[in-house]
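One structure is given below, encoded as structure tokens.
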Amino acid sequence: MKTATEVDDEAVAKAADCSATGGGRRSFGAVLGAVFAAAVWAMLAQHASMGALAGVPMADGRTLSAGWLTPCGWRPAHAFFAFAGMWGAMVVSMMLPVLAPVLWRYRQRIGVLRGAHAAWRVAVVGAGYFSVWMAFGALLFPAGTALAAAAARSPALAAAIPVAAGAVVFGAGVLQFSGWKMRRLACCRHAGGERCVRRPELAAASAWWHGVRAALWCAACCGNLMAVSLAAGMTDLCLMAIVTVAIAAERLPGGERAARIVGGVAIGAGALMTACAAAAAI
């Protein structure tokens, strides 16, 4: 005789099979596609507005990204919220492609719930996920603005920043070959399939925590590639697109090969950036 747990798991599996066919999968994809399109549009709009701003002038004559610029007359809070909007659009655009499978697996696990309730739970998971990335941005902003302000006054620091950026890219490439990275990739590929809490009073907290954990796993896995995007040019749309494709490619089945290819490219690019920066400083 089957236990209650086995019967419950069979019911979940059957509901997942039903939700995976027909309109369920199409509507899920349509909603995520709309969110992705809105995020890309917002990112492009903010990029266009920043294009009208000059970069932060450094003491050695070069400039840092305008993303760290606090326009004259702006209050710090205004500058922070402007950065938060740009950062939020960027991380949604870059991370939604790899979050989508996590959300879909979670949706399958709660397939026994009614459509509206299930959609709400999935939305809470997404909110929990991106809240972690927004928290990272909140920590990054004061550090970036302080570094930009210091580089505007110190020629030595201004000359060191491009060298440090190359070193970050190089280090990110080396990490792609580590066993630690491969273990993180394996964890991320299976995230979202854990048992879900079905008690109504705990549903929201469980869904939120599910998203937070997924974000922490994801940050541990692809944080080095996000660091490449920040170090080499936070407002470089081409670079962001390349990093987005790299992050998605290494999450695919058999993505270890893609991870190593990305690592090799990053090592070469980081070495070239460091050499060019060092030569320019002489």
The listed residue being at pLDDT below 85, small (G, A, S), part of a helix (DSSP H, G or I) and closer than 19 Å to W208 by Cα, out of A116, A135, A127, A123: A116
message: Please verify whether V168 is at pLDDT 85 or above and either outside any helix (DSSP H, G or I) or within 25 Å of A82 (Cβ to Cβ) (or both), treating the condition exactly as stated.
response: yes
message: Being over 23 Å from I242 (Cβ atoms), modelled with pLDDT of 80 or more, out of contact with any Gly (no Cβ under 7 Å at 6 or more places or on another chain) and hydrophobic (A, V, I, L, M, F, W, C) is the filter here; which residues of segment 45-101 pass it?
response: A77, A79, F80, F81, A82
- line: Exactly one of G211, G223 is free of Cβ contacts under 8 Å to residues at least 24 places away in the same chain and either part of a helix (DSSP H, G or I) or buried (at least 17 other Cβ atoms within 10 Å of the Cβ) (or both), and that residue is G223
field: In segment 121-150, the residues that are among the hydroxyl-bearing types (S, T, Y) and either buried (at least 19 other Cβ atoms within 10 Å of the Cβ) or closer than 18 Å to R75 by Cβ (or both)
entry: Y129, T145
- request: Quickly run through segment 231-282 and pick out the residues that are assigned to a helix (DSSP H, G or I) and of a type in the set (S, T, Y).
  value: T244, T274
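The values are calculated or read from the model by the stated rules, or taken from the named source; none is laboratory data. Keep in mind the model is a prediction, meaning the values are calculated, not measured. Ideal geometry is used to build each Cβ from the backbone, glycine not excepted, and the neighbour counts take in all protein chains shown.
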